[in-house]
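Note sheet for the following structure.
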Amino acid sequence: MVWVFNNLTEIWQHTLEHLQIALPPIILSFIIAIPLGWLAKRFPPARGTILTLASLLYAIPSLPLLIVIPVLIGTGLQDPINVVIALTLYGIALMARSTADGLRSVDPDVRQSATALGYSPWTQFWAVEFPLAGPVLLAGIRVVSVSTISLTTVGGVLGIPGLGLLFTDGFQRGLVEEITTGIVLVIVIAVVMDTVLVMLGRWLMPWTRVASPAVRRRRNLRAVTT
Amino acid sequence: MIEFRSVSKQYPDGTRAVDEFSLIIPSRKTTVLVGSSGCGKTTLLRMINRMVDPTSGVIEIDGKDISTIEPVHLRRDVGYVMQNSGLLPHRRVIDNVATVPILKGVPKKQAHEDALALLDTVGLDRSLADRYPAQLSGGQQQRVGVARGLAANPNILLMDEPFGAVDPIVRTDLQNETLRLQRELDKTVVFVTHDIDEAFLLGDQVIILEKGAHIAQQGSPEEILANPVSEFVANFIGADRGKRRLAVSSIAHPQGDDLVLVDAGGYAAGVIAAPGGQLATANPTPKSRSISNKTSQAGDA
Ligand SMILES: Nc1ncnc2c1ncn2[C@@H]1O[C@H](COP(=O)(O)OP(=O)(O)O)[C@@H](O)[C@H]1O
Ligand SMILES: [Mg+2]
């Protein structure tokens, strides 16, 4: 623990950098996946193509990607923006399918009744279909969150800021404690972020918490009457 | 008044759900479309609020061709209640009921006050206002569905098998409430069901449909009961034998047919038509058509 106490400032610094790089891709991939998921749901024949193309993004190896991106957009090799872009692409790969699945999970009866009420297509999407896809979207974004926070460390190999630097530095200097610190902190951030997402989900989707008791009671009642 | 003129609907997969359907649905009355599953009832109903557009033919509401009305606006002016209530699961009861008024621009506070009053109208306790649909029983959900259909005070209310999924006791309750509401509110109701008893109970005008929405017979319940025009209709209204409450006896008479309603025990319950004002009582074996008896089993025939 001696190394940790001697380097608290630096560790804190890397943790903040790590968050600064990891958070934007989580948010961006969530947003960008919405139109993709909508397209996949709206045009069923195109669904396979859209989702397969999105998934293929995940097949691109990360290191080459981190070298190609700066060439394409003219940033420096150690610019954190490269990691943000790469991780956003990976996030989209995961999130597009979740969004399409989530939108497809909306009960057709509910969708039709919303249409019958006189929702315009745009309002119906945002006020009915998108929120009802919420639980599936949440499950998707939790995976994206964990994977992004973990993948952010790859930047360390190229000297890009973040907790990944603790790995490369610890490896070069043979400091097991430094490497362990990096691993533990990445896990802690991932767990904290996951908890935040779950709380956010509960807060935004209060109806998902109420269903079971009433349904159970009703089932029991029906069993008694028949 | 809603008028269908030679309306047909062919779905993209080739199914001809509605074939040359013509009908006048009078205002401020309940018209029930009844027929077995797949005969085109839902398609007919959804053509009235343009959720389905006809392949050919014209539908008019009060003389106006509805194909010229913007669907989203048309739907906000036509109440719709469906099976399984179709309530928005992520909205509290009060928000579900207030949906259409809010879409139409009524201030939220006002819409919520009106929604509470509507809960009274459909016989729901106001304490349910803050619940989510999943926290209600099936019967309560249907009442909320009815309240929501009425919220914008539409002249026309479309109901698609609204009580099909609730248990029989609750259904009877809801049917009686519907009758009461109709007396109080005086809407043009178009009600779809596959249950002939429900059709006869609720309908001022009953339309019996065959596949392709061909009209087998239309008329008041009394007319149809008294005089089924075909074997199909006779079978349809006589389906579920042994569960019928009333039977119609058609008694041979020199001046025409006298029709006597007979209950399950064979006792006369009423006369539908007695030409000459006289009921022939001599015939001991009336030719009988069976009509309805669910409640006689419950002991109140
Ligand atoms: N969207 C659709 N696409 C293709 N066929 C449909 C569609 N909706 C209904 N149908 C068909 O049209 C016929 C009438 O359906 P529907 O109006 O739902 O009947 P009902 O409400 O009387 O059960 C059925 O054969 C049904 O399978
Ligand atoms: Mg139907």
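The values are calculated or read from the model by the stated rules, or taken from the named source; none is laboratory data. All values derive from a computational prediction rather than experimental measurement. When we count neighbours, we look across all protein chains shown, and the Cβ atoms used for this are built from the backbone with ideal geometry, even at glycine. For the accessible areas, the whole protein counts, side chains as well, though only heavy atoms, and no ligand, DNA or RNA atoms are used. Shrake-Rupley method; radii C 1.70, N 1.55, O 1.52, S 1.80 Å.
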To the nearest 10 degrees, how steep is helix A:134-151 against the longest Cα principal axis of chain A, on a 0 to 90 scale? 10 degrees
Which of B:R91, A:R97 is most accessible, then next, and so on - probe 1.4 Å: A:R97, B:R91
Most positive-pole-ward Cα, A:S120, A:A93, A:V83, against dipole of region A:66-184 from beta carbon charges: A:S120
Degrees between helix A:108-117 axis and first principal axis of chain A (Cα, 0 to 90, nearest 10): 70 degrees
Considering chain A as a Gaussian network with a 10 Å cut-off on Cα pairs, which listed residue, A:L163, A:L138, A:L204, attains the greatest mean-square fluctuation? A:L204
What does the charge dipole of region A:9-104 about its Cα centre add up to, to the nearest 20 debye, if the Cβ of each Lys and Arg holds +1 and the Cβ of each Asp and Glu holds -1? 660 debye
Fraction of antiparallel bridges per DSSP, region B:2-237 only, in percent to nearest 5: 50 percent
Counting Lys and Arg as +1 and Asp and Glu as -1, what is the net charge of the other residues whose Cβ lies under 11 Å from the Cβ of A:L165? -4
Dividing the surface of the Cα convex hull of region B:24-140 by four yields a projected area in nm² of 9.1 nm²
If you take every DSSP beta bridge fully contained in the protein assembly as shown, what fraction is antiparallel? Give it as a percent rounded to 5. 65 percent
Keeping every protein chain present and rolling a 1.4 Å probe, give me the accessible area per residue for the protein assembly as shown in Å². 48 Å²
Based on Cα coordinates alone, diagonalise the gyration tensor for region B:170-231, multiply each eigenvalue by 5, take square roots, and list the semi-axes in whole Å, largest first. 23, 12, 12
Tell me the accessible surface of B:R5 in square angstrom (1.4 angstrom probe, heavy atoms of protein chains only), to the nearest ten. 100 Å²
Hey, what's the per residue convex hull volume over the C-alpha atoms of the protein assembly as shown, in cubic angstrom? 200 Å³
By accessible area with a 1.4 Å probe, ligands and nucleic acids excluded, highest first: order of B:D167, B:D204: B:D204, B:D167
For region B:107-192, what does the alpha-carbon gyration tensor say about shape, rounded, prolate or oblate, given a ≥ b ≥ c as the root eigenvalues, a/c under 1.5 as rounded, and a/b over b/c as prolate? oblate
Potential extension, B:N176-B:S36 segment - 0.36 nm per residue separation minus Cα distance: 48.1 nm
What is chain A by shape, rounded, prolate or oblate, if you read a ≥ b ≥ c off the alpha carbon gyration tensor as root eigenvalues and call it rounded for a/c under 1.5, prolate for a/b larger than b/c, and oblate otherwise? oblate
On a 1.4 Å probe surface of the protein chains, which of B:S36, B:S85 comes out largest in accessible area, and what is the full order? B:S36, B:S85
Angle between the Cα long axis of helix A:211-225 and the longest principal axis of chain A, 0 to 90 degrees, nearest 10? 30 degrees
Tell me the label-point distance for the pair A:V192, B:L128, using the 7 Å Cα-to-Cβ offset, in nm and rounded to one decimal. 4.6 nm
